[in-house]
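Since the structure comes first, as structure tokens, the remarks are kept for the end.
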Amino acid sequence: MAKNQIQQKQTVKKRSNASRKFVIALSIVSIIGFLSITSESLFNFSFVEYIDSLWLLALGLGLILETSLSELKKIKKRGMTPEMLGKVTMLVVGTLAVIAAVLSVPQINIQSPTFLAVKGIVSILAIIFIIIQTWVSEKV
């Protein structure tokens, strides 16, 4: 009897509520930061002007992939629920992050105060989504 209980405890694994797609996006953001530091310190090659674009692109795509577009198509049938409102918000913020990433590429490089404010707001919202996705939703 005790042997079965030990085996059952070993097979039960705690699953995180963070989705795989979102964790991959966060991993890519971390890898971009690590590559930036490594390439500059070891190879004296800097791609700092592309870092903002790459981070915003990774976060934006991660948020868009997290929304589950097939679920959003059901809004007409089910109506707007709190869960759907969160997904729509993530989709909008993710889309804004991708647009900001494209406009932040050094070849385009828009530097107006309004655009910089939008980039800051998108970054803050992305950080809030990261905190909710990784820590808060795990406790609920």
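Rule-based calculations on the coordinates, nothing more; no lab input. Keep in mind that this is a model prediction, so the values were computed, not measured. When we count neighbours, we look across all protein chains shown, and the Cβ atoms used for this are built from the backbone with ideal geometry, even at glycine.
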J(HN,Hα) series, region 67-83, from Karplus relation 6.51 cos²θ - 1.76 cosθ + 1.60, nearest Hz, glycine and proline x
6, 6, 4, 5, 5, 5, 5, 8, 4, 4, 6, 8, x, 8, 9, x, 5
Virtual spin-label span in nm between residue 69 and residue 27, 7 Å along Cα→Cβ
2.3
When the C-alpha atoms of region 52-100 are aligned to their principal axes, what extent does each axis show, in angstrom, from largest down?
38, 15, 14
Could you calculate the FRET efficiency of residue 47 with residue 92 from 1/(1 + (r/R0)^6), where r is the beta carbon distance between them and R0 is 30 Å, rounded to 0.05?
0.55
Could I get the Rg over Rh figure for region 20-139? Both from C-alpha atoms, Rh via Kirkwood, rounded to two places.
1.04
Along the three principal axes, how long is region 24-85 when you take its alpha carbons, biggest first, rounded to the nearest angstrom?
56, 18, 16
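Taking the Cβ of residue 84 as the centre, find all other residues whose Cβ is under 13 Å away and add up their charges (Lys, Arg: +1; Asp, Glu: -1).
Residues near residue 84 contribute +4 overall.
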Take residue 83 and residue 110, extend 7 Å from each Cα along the Cα→Cβ direction, and tell me the distance between the two endpoints in nm.
3.5
Using mean Cβ contacts within 10 Å as the protection proxy, how do 113-124, 45-56 order, highest first?
45-56, 113-124
